[in-house]
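This report concerns only the one structure given below.
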Amino acid sequence: MGKIRVLSPVGVAAGESLTVPALPRQWRGLTIGFLDNTKANFDRLTAEMGDLLRTQHGVAKIVHRRKANASTPAAPGLIAEMAKECDVVFAGSAD
Amino acid sequence: MTEVLELDDTPEAVFAEFCAREWCDGLPIVPPTEDRVRAMLDGRPPGHSLGAMPPLWRAATFEKLAINAVMAGSEPACFPIIVAAVEAMLDPAFNLYGVQATTHPVAPLVVVNGPYGASIGVHGGQGCFGPGFRANATIGRAIRLILMNVGGAWPGRGDMATQGSPAKFSYCIAENEEQSPWAPLTEGDVVTVYGGEPPHNVNDHVSTTAAGILANVADTAVSLGSNVGAYFSQAQLMVVLGPEHAATVAGDGFSRADVQRYVYENARLPLGLLKLSGMWGMHDWPGWMNAITDPDARPPRVPSPDDVFVLVAGGSGKHSCVIPNCTFSRAVSRPITR
């Protein structure tokens, strides 16, 4: 059987990939942020998580911030503010 | 360096391999050989990138665009339109990351204006959203393959659309400029990309006035389950009038701006009803709209009449359509350069 040579249609990464730093092994005294994407129940979920982090893991402070809406990126000022204030920030989605 | 595969030279073997690798949309492809890709490029530098395409931020090089265009069955004459559409989608205003990754069924609609598109068979007449027209079908399909293979938006992995949409296979039309009573949507050879839902039909077999037809258009444009109006700042509507409806509307003395204004003012729902909508509570409104308390007040669903795009497409018959956008993307136009 004859052969045919074809080219891959898959793109190549345009730049260097980012590495997410490891989560801290110890949470005591840290400030933890939650970036709310505005979808239903995210606030309830993270309120409960925040309580657990404070009462059972010694987290000092919980910061809760909300994006304008679920489908556009967080404003640069909001990201800068959370980066300055928090030791760890969780960005998630809820439905 | 692009990976080269050596496969058994049968249509079945090539198709099976591309399906197994998740490199196609589930339909047979034209094998992207070096000769075919070179012809598609038509002298363009293969390594030149138009930018990083989300969600995996891979380089949208001419070569990769050409490979996917070959697979889609495009003729090289279609490639300038495909390139212009990719340039437009990579404009930050289009928010391609959101369009690619959302659970919403949005797909980029490619609207082609100008003589070049017409000369290569991009169709804006009878049945233009449907099958039968190679340029429409393969330009739209090339865009989808590029979004999947270059951007990395595979269903359930990068493309998180809950149900997807038939418009994600191919979504490309021309404006029917010959039968439009108004100036074209855009002047010259231009591609517009619009992050839209599939067309919502407007059937009006009885109205003989602009107000009658546009009342049906306006009603179709808004519904409780729509994104439009919830994420207010980027909400847009596209009204695609069939030529017969357009002739009736224009015959009543309506300009395009009048149609935009009419839809802007009338495509609304009362606040009391909006509180039952599927986005209530997570909506993103400006302060002046949040201050409204009258349940009978009808706040706008798009920021201005300019956010209602009006064009003419289709053939004989009493149908038009409205295409709501996803509301986290704004339409972008780019010239077609050859």
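Tell me which residues, restricted to the range A:1-53, are away from chain B (no Cβ under 14 Å), of a type in the set (K, R) and over 19 Å from the mean Cα position of the chain (by Cα). If the condition is that a residue be away from chain B (no Cβ under 14 Å), of a type in the set (K, R) and over 19 Å from the mean Cα position of the chain (by Cα), then A:R28 is the only one that fits. When B:R261, B:R268 are checked against the criterion of being part of a loop (DSSP other than H, G, I, E, B) and basic (K, R), a single residue qualifies: B:R268.
Tally up the residues in the range B:293-314 that are under 20 Å from B:S223 (Cβ atoms), part of a loop (DSSP other than H, G, I, E, B) and β-branched (V, I, T), please. Total meeting the criteria: 1.
Assess whether A:L23 counts as being open to solvent by 50 Å² or more (accessible area, probe 1.4 Å) and within 15 Å of A:A91 (Cα to Cα). In short, yes.
Residues that are touching a Lys or Arg at 6+ places or on another chain (Cβ under 7 Å), within 14 Å of chain A (Cβ to nearest Cβ) and either of a type outside the set (A, V, I, L, M, F, W, C) or under 23 Å from B:Q234 (Cβ atoms) (or both): does the range B:124-144 have at least one? Checked against the condition, which is being touching a Lys or Arg at 6+ places or on another chain (Cβ under 7 Å), within 14 Å of chain A (Cβ to nearest Cβ) and either of a type outside the set (A, V, I, L, M, F, W, C) or under 23 Å from B:Q234 (Cβ atoms) (or both), the range B:124-144 yields at least one hit. For the range B:94-103, the condition of being assigned to a loop (DSSP other than H, G, I, E, B), modelled with pLDDT of 95 or more, out of contact with any Gly (no Cβ under 9 Å at 6 or more places or on another chain) and open to solvent by 30 Å² or more (accessible area, probe 1.4 Å) holds for none of the residues.
Yes/no per residue for (1) more than 21 Å from B:F79 (Cα to Cα); (2) more than 21 Å from the chain's Cα centre (by Cα); (3) among the hydrophobic types (A, V, I, L, M, F, W, C):
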position: B:M160; (1), (2), (3): yes, no, yes
position: B:L185; (1), (2), (3): yes, no, yes
position: B:Y194; (1), (2), (3): no, no, no
position: B:P198; (1), (2), (3): yes, no, no
position: B:T220; (1), (2), (3): yes, no, no
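Among the residues of the range B:129-157, how many are in contact (Cβ under 8 Å) with a residue 40 or more places away in the chain and closer than 21 Å to B:M40 by Cβ? Even if it seems obvious, please write down each step before you answer.
So the first thing to find is which residues in the range B:129-157 are in contact (Cβ under 8 Å) with a residue 40 or more places away in the chain, and the list is B:129, B:134-135, B:137-139, B:141-154.
Filter again for closer than 21 Å to B:M40 by Cβ, leaving B:134-135, B:137-139, B:141-151.
Selection size over the range B:129-157: 16.
Of the set (1) farther than 20 Å from B:T2 by Cα; (2) touching a strand residue (DSSP E or B) at 6+ places or on another chain (Cβ under 8 Å), all apply to B:L56 but (1). Of the set (1) over 17 Å from the mean Cα position of the chain (by Cα); (2) among the hydroxyl-bearing types (S, T, Y); (3) within 25 Å of B:P166 (Cα to Cα), all apply to B:T102 but (1).
Screening B:Y262 on (1) open to solvent by 40 Å² or more (accessible area, probe 1.4 Å); (2) over 24 Å from the mean Cα position of the chain (by Cα); (3) at pLDDT 95 or above; (4) not basic (K, R) shows it passes everything except condition (2).
Scanning the range B:148-157 for residues that are crowded, with 20+ Cβ neighbours inside 10 Å and not aliphatic (A, V, I, L, M) yields B:N149, B:G151, B:G152.
Each row is one residue, and each column tells you yes or no for (1) under 26 Å from the mean Cα position of the chain (by Cα); (2) of a type in the set (A, V, I, L, M, F, W, C); (3) more than 14 Å from chain A (Cβ to nearest Cβ).
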site: B:N266; (1), (2), (3): yes, no, yes
site: B:L269; (1), (2), (3): yes, yes, yes
site: B:K275; (1), (2), (3): no, no, yes
site: B:G278; (1), (2), (3): yes, no, no
site: B:P286; (1), (2), (3): no, no, no
site: B:I292; (1), (2), (3): no, yes, yes
site: B:P305; (1), (2), (3): yes, no, yes
site: B:G317; (1), (2), (3): yes, no, yes
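Inside the range B:119-135, residues that are surrounded by fewer than 19 Cβ atoms within 10 Å (Cβ to Cβ) and not in a loop (DSSP other than H, G, I, E, B) make up a count of 2.
The values are calculated or read from the model by the stated rules, or taken from the named source; none is laboratory data. Remember, predicted model here, so these are calculated numbers, not experimental data. Note that each Cβ is placed from the backbone with ideal geometry, even for glycine, and that neighbours are counted across all protein chains shown. Remember, those area values only see protein heavy atoms, side chains included, never the ligands or the DNA or RNA. Shrake-Rupley method; radii C 1.70, N 1.55, O 1.52, S 1.80 Å.
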